[in-house]
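See structure below.
The values are calculated or read from the model by the stated rules, or taken from the named source; none is laboratory data. The shown structure was predicted, so the numbers you read here are calculated from the model rather than taken from an experiment. Don't worry about glycine lacking a Cβ; one is built from the backbone with ideal geometry, like all the others, and counts go over all protein chains shown. Note: areas computed on protein heavy atoms with side chains; ligands, DNA, RNA excluded. Shrake-Rupley method; radii C 1.70, N 1.55, O 1.52, S 1.80 Å.
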Amino acid sequence: MQRRTFIQTALYTVAIGRLLGSCKPVKKIPGKILGASAKIGHLLRDGYKGEVRSVIQKKIVIIGGGVSGLSAARELTRNGISDFILLDLEEKAGGNAAYGVNNSSAYPLGAHYIPTPNNDLKEYLQFLQECNVIIGYDDQNLPQYNELYLCFDSQERLFINGRWQEGLIPHYGVPSTDIEQLNRFLRLMDNFRNQKGTDEKDAFAIPVCNSSKDEIFTALDEITMSEWMDKNGFNSEYLRWYVNYCCRDDFGTTYQKASAWAGIHYFAGRKGKGANAHHSDVITWPEGNGFLVNALKQKTGSNIQCDALAVKIKSLDEGLVVEYLDTKTNTLHRIEAEQCIVAVPQFVAARLLQDDKRKKLVHEKCKYVPWLVANLQLPSLYEGKGVELSWDNVIYNSNSLGYVDATHQLLQQNTLVKNLTYYLPLTNGDCSSARKDASNKTHAQWCELVLADLEKVHPGIRESVKEINIMLWGHAMMQPLPGIIHGNLLPQLAASINERIHFAHADIAGISIFEEAFYQGIAAARKIIQHSPISNT
């Protein structure tokens, strides 16, 4: 056969193959849509009324079994207080650190890592030592982190300009002028990391409340991160993509909306150093932060009541009452208590308190962004050029944040089937519209969205995927919009009521990270411990 005839025949065969392929029925992907019990939670929004079936007495009620609620429970227990009950809506406590398990490994349904902790966080470091994340200290008093939990190599990669590069800061195929701007930005972030205000406090600290109140820094909370970049001559598209990625990753908020203070805090708030870890290193597990949640629950599990939707908090002259719905039996119950820790987001707290003024304030000022987390189980991936599969895998200019390999931390690395956890903050448009749009999508539509993104870098993934489970977080985190962190709103919302009702949640810190929730729980518990006659006798 002549070369020309061969080429024509080959092209014709490929064309026919593609045509026939397009006529095949679309593969139905097994899996389902999960969610944080949205339908049951809406009973609180819509108002639940019923006959109270039982009344019990407890000295303390904790509402919410996320990190802040569990941290409060742990702090009470550590101080000899056991007469409390923790109510949580879900089947398992843990909040956005929930996780799943299949025959390959555990995998996160939400929060999936912690950065190296700052060295001044005494209580946090002590907790990490309790759960064997820290295994000791060296002769310079630097924590030695468990190598099993430090992220294995390679930690992260970015698909950019047709290839996988090491690290998430763009550099492959990036013009030298952009590289110079990226380096200038990173040097400036290092300067912010080391700066202190006139009050001698760190300019950017964790928890946020320990940060300097020097106006030269707090003024950054009055503008957006993109406005700050404009003012400082940072116009590189690569740098702007990277900063926007970081803001969406930690805050679920684009850099056009996030406060500049929050945006800089992302880079400058982390200062941790270990004997075997740098501030940019990551500590993680196949189940993500579910590992830490399980450690928090270790000594308080018997105090936790799940499938319990709190519907009302009412102050009395001599105490308070909390009513909750047992969602398994659909029966209403009442707890008479002395103190209450409200460890839920503020839009829920306002409804529990039946406080119209608070509801109006939260509705106007607090915006909660929805997230999608998709877990894909598949036997293999087509890999393009560059760095091999890493723990964190990000696609330049994608709407998503990429995916983590949940099987990356397994010691047995010849796993035949992998779990990939894909993250997508729904930041297009306003939060309410994004939430409504998300609730209307089918499992098939979500699968198509996820696969269309991933097949850009992994051709054939559509054919090889075995299962996709979709987790929707309708109110994943409160956005740190300008004026939130250093304005008057958060202190107002965080203030205890009648020295009996106390608040503990990352949203009253302004930034949704593990340390903030952990310390919010401790602070609320200590209000009770230090200013109340409560004891177990």
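Summary table below
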| quantity | calculated |
| --- | --- |
| Subset tally (residues that are surrounded by fewer than 20 Cβ atoms within 10 Å (Cβ to Cβ) and not in a loop (DSSP other than H, G, I, E, B)) for region 436-450 | 9 |
| Region 219-243, residues that are β-branched (Val, Ile, Thr) and open to solvent by 30 Å² or more (accessible area, probe 1.4 Å) | Ile223 |
| Helices (runs of 4 or more DSSP H) enclosed by region 244-355 - at least 3 residues per element that are of a type outside the set (Phe, Trp, Tyr), touching an Asp or Glu at 6+ places or on another chain (Cβ under 9 Å) and open to solvent by less than 20 Å² (accessible area, probe 1.4 Å) | 260-268, 346-352 |
| Those residues of region 54-72 which are over 21 Å from the mean Cα position of the chain (by Cα) and not in a loop (DSSP other than H, G, I, E, B), in sequence order | Ser54, Val55, Ile56, Gln57, Ile60, Val61, Ile62 |
| Every residue from region 207-236 that is in a helix (DSSP H, G or I), polar (S, T, N, Q) and in contact with a Pro (Cβ under 8 Å, 6 or more places away or on another chain) | none |
| Evaluation of Thr253 against (1) among the β-branched types (Val, Ile, Thr); (2) more than 25 Å from Asn428 (Cβ to Cβ); (3) within 16 Å of the chain's Cα centre (by Cα) (one fails), failing number | (2) |
| Some residue of region 394-409 being open to solvent by less than 30 Å² (accessible area, probe 1.4 Å), within 15 Å of Ala476 (Cβ to Cβ), at pLDDT 95 or above and touching a helix residue (DSSP H, G or I) at 6+ places or on another chain (Cβ under 6 Å) | yes |
| Options Gly460, Gly483; residue that is on the phi > 0 side of the Ramachandran plot and within 24 Å of the chain's Cα centre (by Cα) | Gly483 |
| Subset of region 22-37 [modelled with pLDDT of 70 or more and over 16 Å from Trp371 (Cβ atoms)] | Lys27, Lys28, Ile29, Pro30, Gly31, Lys32 |
| Verdict on Asn96 being of a type in the set (S, T, N, Q) and within 23 Å of Leu325 (Cα to Cα) | yes |
| Of all residues making up region 326-367, the number that are free of Cβ contacts under 8 Å to residues at least 40 places away in the same chain, among the basic types (Lys, Arg) and closer than 22 Å to Ala476 by Cα | 2 |
| Extreme residue, farthest from Leu325 (Cα to Cα), among residues of region 78-93 that are of a type outside the set (A, V, I, L, M) and open to solvent by less than 40 Å² (accessible area, probe 1.4 Å) | Phe84 |
| Set Val373, Val369: member being open to solvent by less than 30 Å² (accessible area, probe 1.4 Å), assigned to a strand (DSSP E or B) and touching a Leu at 6+ places or on another chain (Cβ under 6 Å) | Val373 |
| Some residue of region 382-390 being in contact with a helix residue (DSSP H, G or I) (Cβ under 8 Å, 6 or more places away or on another chain) and assigned to a helix (DSSP H, G or I) | no |
| Subset tally (residues that are part of a loop (DSSP other than H, G, I, E, B) and either open to solvent by less than 50 Å² (accessible area, probe 1.4 Å) or of a type in the set (Lys, Arg) (or both)) for region 455-494 | 14 |
| For Thr415: the one exception among (1) at pLDDT below 95; (2) of a type in the set (Ser, Thr, Tyr); (3) surrounded by 15 or more Cβ atoms within 10 Å (Cβ to Cβ) | (3) |
| Close pairs (8 angstrom Cβ cut-off, 6 or more residues apart or separate chains): modelled with pLDDT of 95 or more and of a type in the set (Asp, Glu) in region 510-537, crowded, with 19+ Cβ neighbours inside 10 Å and assigned to a helix (DSSP H, G or I) anywhere | Glu515/Tyr124; Glu516/Val208; Glu516/Ala506 |
| Qualifying residue in region 175-182 (condition: of a type in the set (Asp, Glu), touching a helix residue (DSSP H, G or I) at 6+ places or on another chain (Cβ under 8 Å) and crowded, with 16+ Cβ neighbours inside 10 Å) | yes |
